[in-house]
Amino acid sequence: MKELLVLAEHRQGDLRDITFEMLTKGRELSQALNADLTVLLLGHNVKGIAKKLTDRAKRVLVVDDERLRNFNAEGYQRVLSHLLSERKPLLTLVGHTAFGVDLAPSLAAELDIPLATDCINLGFEGEKLVVFRQVYEGKVNVRASLRKSESYIVTLRPATFEIEEVKPLGGEIVEIPSPPSLSDDMSYKRFIEYYQPPAGDVDITAADIIVAVGRGIRDVENVPVVEKLAKAFGGVLACSRPIVDKGWLPSDRQVGASGKTVKPKLYLAVGISGQFQHISGMRSSDLIIAINKDSKAPIFRTADYGVVEDLFKVVPALTDRILEEKG
Amino acid sequence: MDIIVCVKHVPETAEADVAIAEDGKSIKTTELVYDINEWDDYAAEEAVLLRDKLGGSVTAITVGSEEADSTLRKCLARGADRAIRLTDEAFEGSDSYVTAKILSKVIKNLPFDLILTGAQASDDGCAQVGVVLAELLGIPHATMVKKLEPKDGIVKVNQELEGGLEEIMELKLPAMLAIQTGINEPRYISIMGIRKAMKKELKVLGLKDIGLTEEEVGESGSWIIVEKMFVPSVEKEAEILTGGVDEIATKITETLKTRGLI
Ligand SMILES: Cc1cc2nc3c(=O)[nH]c(=O)nc-3n(C[C@H](O)[C@H](O)[C@H](O)COP(=O)(O)OP(=O)(O)OC[C@H]3O[C@@H](n4cnc5c(N)ncnc54)[C@H](O)[C@@H]3O)c2cc1C
Ligand SMILES: Nc1ncnc2c1ncn2[C@@H]1O[C@H](COP(=O)(O)O)[C@@H](O)[C@H]1O
């Protein structure tokens with residue numbers, strides 16, 4: 001029987017959402033292919049996590065080893081290249097996350113298994129594996145096929161596949177020993193520690209109303225234009241990544257994959273294009289309004305309301321209107 | 001410290017009209033402005049900063065057409081010592097895997113302690129080339145690097161994870177690091193600066209010079225082949241508020257009032 005592997009992603013003792021997203025898509029694919037869906041879990045002292053995964057797959061393969069305690073692409077790759085060579089799964093799913101991006105390309109290159117990264121959908125058409133991806137900053141979609149092979153690796157874009165509710169499957173946990181290649185001399189790359197930058201004075205995750213500013217603001221001197229609107233609302237000012245990169249706002253104001261995840265009652269995005277790394281941090285907001293002069297900006301695919309206009313015209317007008325309303 | 005920085009010449013699309021070309025597999029490029037990939041700008045700056053601190057050299061490399069010279073010239077103007085462009089008709093249709101293969105063939109014959117790439121290219125967004133390159137060269141790698149400190153044959157890096165968390169790792173040199181934005185402040189490169197750097201070496205190499213066959217590059221050597229490009233269908237289209245600016249402001253205000261947000 002063909003096998004479809006999902007590589008579980010976990011950090012500091014918790015499974016990450018992407019694992020469940022992959023399992024949702026993986027289940028759909030395995031049914032269409034009539035293949036076994038197997039989860040692969042690497043780590044140390046991961047019994048609790050393994051148990052949770054048995055709800056969603058018939059088989060959970062566990063490699064439990066002190067040397068896999070913290071993620072290190074090198075150690076993980078050694079175990080995975082051994083397992084993939086031995087099992088030859090038709091497809092291995094990995095998250096397109098910091099973890100997956102560090103791991104999947106070198107694994108694929110070592111084994112010469114065709115890889116497609118950051119996919120938003122995939123499926124087999126007969127023998128052919130077809131994937132969908134986004135290019136040109138989210139403005140264009142690509143349909144692509146992979147070179148014919150007995151095995152494939154695909155990384156899935158996070159926050160793209162809705163996690164389905166399932167009846168617990170009660171799958172089995174199968175412990176497998178670490179391969180000899182996971183020797184003690186993994187001295188190429190060494191994990192030292194986690195580092196959490198100190199929290200700032202504003203917690204944007206607690207705000208009901210967020211007005212977020214993006215690169216469309218052009219200059220640090222213009223930031224107050226948007227800040228005034230945030231104030232008029234009695235909300236907080238947040239931003240996309242380039243604004244933090246440029247040092248215009250502190251990093252605790254950044255919304256997105258590498259910043260904060262927020263869920264306010266109102267999220268107003270100003271001059272933000274809507275790359276998936278930004279969207280994943282704000283897509284669950286109750287109401288999303290976007291102001292962007294480009295009608296094709298991907299942000300309009302996530303927003304409830306859109307304004308296609310120059311922010312320098314709309315934002316001051318809106319600020320005045322809100323202040324008027326509030327008296 | 002000898003540093004190699006891989007840079008890509010990409011179209012700026014965030015604010016441009018992007019249309020699909022006749023072949024249905026690419027975009028119309030004539031109207032687009034090209035520049036160095038945003039992530040590579042940070043990588044090139046980091047390379048030059050390190051070289052200035054530690055001595056050694058910086059070599060900028062690209063796989064691309066003649067137009068990509070402007071991106072290489074920008075790197076030279078920033079302070080890179082030399083540049084290499086890899087160009088061949090046979091490279092047409094190459095994916096990230098092939099790009100990494102091509103780069104590896106050239107880089108393996110150069111002296112280097114560090115290879116820097118961007119975390120991703122803004123056009124294809126694969127986030128692949130650097131890591132594949134590291135594997136092909138048999139050296140360790142780290143991605144999303146926000147901070148780096150080389151010392152005594154080792155480089156200590158901060159790798160960015162999700163939600164602001166970072167992990168600190170140590171890698172043996174030589175190593176490949178994929179650079180994340182925000183690691184430095186890329187200096188502004190003036191036209192004058194670019195002119196001044198015109199005298200610096202820019203070498204052009206093709207398929208024959210690098211020891212790969214035609215089958216190993218282009219579509220035939222690739223893992224992934226583009227079948228079609230299209231403008232995505234809008235699953236959930238925003239309701240676009242129209243009218244004059246004041247009208248729009250009123251519409252938003254009314255909407256928010258009915259939801260109790262004002
Ligand atoms: C690993 C990784 C993690 C990342 N994490 C994050 C993250 O956490 N958060 C994040 O935001 N990004 C993140 N990014 C970066 C992300 O890929 C994008 O580069 C970024 O979100 C773009 O920010 P932006 O929309 O402000 O800028 P751009 O994409 O440049 O968009 C600017 C927008 O402003 C509009 N505009 C310009 N002028 C005007 C005007 N006068 N009026 C109205 N509109 C105007 C333009 O039409 C355009 O749509 C990450 C990237 C990587 C690789
Ligand atoms: N054609 C190219 N020439 C040189 N370097 C490249 C090329 N394509 C990608 N890279 C490098 O690899 C990084 C990741 O690209 P990608 O895997 O395409 O997202 C980029 O930021 C560049 O540093």
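Dipole magnitude for region B:193-234: about 660 debye, using +1 per Lys or Arg Cβ and -1 per Asp or Glu Cβ, origin at the Cα centre.
Across region B:193-251, Cα-Cα pairs more than 17 Å apart make up 75 percent of the total. Rg then Dmax, both in Å and based on the Cα atoms of region B:55-187: 14.9, 43. Springs between alpha-carbon pairs under 10 angstrom, Gaussian network model over chain B: which of B:200, B:151, B:105 fluctuates most? Answer for the Gaussian network model of chain B: B:151.
Based on C-alpha pairs under 8 angstrom that are at least 6 apart in sequence, region A:33-127 has a relative contact order of 22 percent. For chain B, the share of accessible area belonging to carbon and sulfur comes to 48 percent (1.4 Å probe, ligands and nucleic acids excluded). Antiparallel beta bridges, as assigned by DSSP with both residues in chain A, represent about 25 percent of the total such bridges. With all protein chains in place and a 1.4 Å probe, the accessible surface of chain A carries 47 percent carbon and sulfur.
Bridging of residue B:108 to aspartates and glutamates at a Cα separation below 15 Å is possible for B:2, B:135, B:209, once same-chain residues fewer than 8 apart are set aside.
The modelled label-to-label distance between residue B:225 and residue B:109, using points 7 Å beyond Cα along the C-beta direction, is 3.0 nm. At 0.36 nm per residue, and after removing the present C-alpha to C-alpha distance, how many nm does the segment from residue B:22 to residue B:204 gain when stretched out fully? Net length gain for the segment: 62.5 nm. Which of the three applies to region A:182-246, rounded, prolate or oblate, going by the alpha-carbon gyration tensor with a ≥ b ≥ c and a/c under 1.5 meaning rounded? It comes out prolate by the Cα gyration axes.
For region A:57-157, the number of Lys pairs separated by eight or more positions or lying on different chains, with C-alpha atoms closer than 20 Å, is 4. For region B:1-81, relative contact order (Cα pairs under 8 Å, six or more residues apart, normalised by length) works out to 43 percent.
A crude spin-label estimate for the pair residue A:163 and residue B:29, with each label 7 Å from Cα along the Cβ direction, gives 4.2 nm. To the nearest 10, the accessible area of residue B:251 is 80 Å² with a 1.4 Å probe. Just list whichever of A:228/A:296; A:313/B:251; A:25/A:265; A:263/B:147; B:25/B:236 have alpha carbons separated by over 18 Å in the model shown. The answer is A:228/A:296; A:25/A:265; A:263/B:147; B:25/B:236. A simple spin-label model places pseudo-atoms 7 Å from Cα toward Cβ; at residue B:239 and residue A:175 they are separated by 5.8 nm. In the assembled protein chains, residue A:117 presents an accessible area of approximately 0 Å² (probe radius 1.4 Å). The Cα atoms of region A:204-326 define a convex hull whose projected area, averaged across directions, is 6.4 nm². Taking all protein chains together and rolling a 1.4 Å probe, residue A:178 ends up with roughly 30 Å² accessible. Looking at region B:2-221 alone, DSSP beta bridges between its own residues are antiparallel in about 40 percent of cases.
Seen through its C-alpha gyration tensor, with square-root eigenvalues sorted a ≥ b ≥ c, chain A comes out prolate because a/c lies at 1.5 or above while a/b is bigger than b/c. Net charge dipole, chain A: roughly 500 debye, given to the nearest 20, about the Cα centre with Cβ charges of +1 for Lys and Arg and -1 for Asp and Glu. What the protein assembly as shown shows is 42 Å² of accessible area per residue, with the surface traced by a 1.4 Å probe over protein heavy atoms. Residue pairs exceeding 19 angstrom between C-alpha atoms, taken from A:189/B:146; A:47/A:260; A:52/A:167: A:47/A:260. Our summary gives region A:204-326 a relative contact order of 25 percent, counting only alpha carbon pairs under 8 angstrom and 6 or more residues apart. Summing charges over all other residues whose Cβ lies under 14 Å from the Cβ of residue A:127, with Lys and Arg as +1 and Asp and Glu as -1, gives +2.
For the protein assembly as shown, the average shadow cast by the Cα convex hull is 27.2 nm², which is a quarter of the hull's surface.
Excluding ligands, DNA and RNA and using a 1.4 Å probe, chains B and A jointly bury around 7600 Å² of accessible surface, summed across both partners.
Short to long, the 10 Å bins of the Cα pair-distance histogram for region A:1-146 hold 11, 42, 37, 10, 0 percent of all pairs. Annotation: peptides B:188-199, A:293-304, ranked by per-residue average of other Cβ atoms within 10 Å with the highest first, follow the order A:293-304, B:188-199. Any chance you could check region A:157-200 for residues losing 20 Å² or more of accessible area when the partner protein chains are in, compared with the chain on its own (1.4 Å probe)? Buried-area filter returns A:187, A:188, A:189, A:190, A:191, A:192, A:193, A:194, A:195, A:196, A:197. Between helix B:69-78 and chain B there is an angle of about 80 degrees, using the helix long axis and the longest principal axis of the Cα atoms. Is the C-alpha gyration tensor of chain B telling us rounded, prolate or oblate? Criteria: a/c under 1.5 is rounded; beyond that, a/b larger than b/c is prolate, otherwise oblate. Judged from the Cα gyration tensor, chain B comes out prolate (a/c at least 1.5, a/b above b/c).
Taken as Cα centroids, region A:306-327 and region B:1-68 sit 37 Å apart, rounded to the nearest whole angstrom.
Rounded to the nearest 10 degrees, the angle from helix B:96-107 to the longest Cα principal axis of chain B is 30 degrees.
The values are calculated or read from the model by the stated rules, or taken from the named source; none is laboratory data. Computed from a prediction, not measured in an experiment: that's the story for all the values here. Because the Cβ atoms are built from the backbone with ideal geometry, glycine has one as well, and the counts that use them run over all protein chains shown. What goes into the accessible areas is simple: the full protein's heavy atoms, side chains included, and nothing from ligands, DNA or RNA. Shrake-Rupley method; radii C 1.70, N 1.55, O 1.52, S 1.80 Å.
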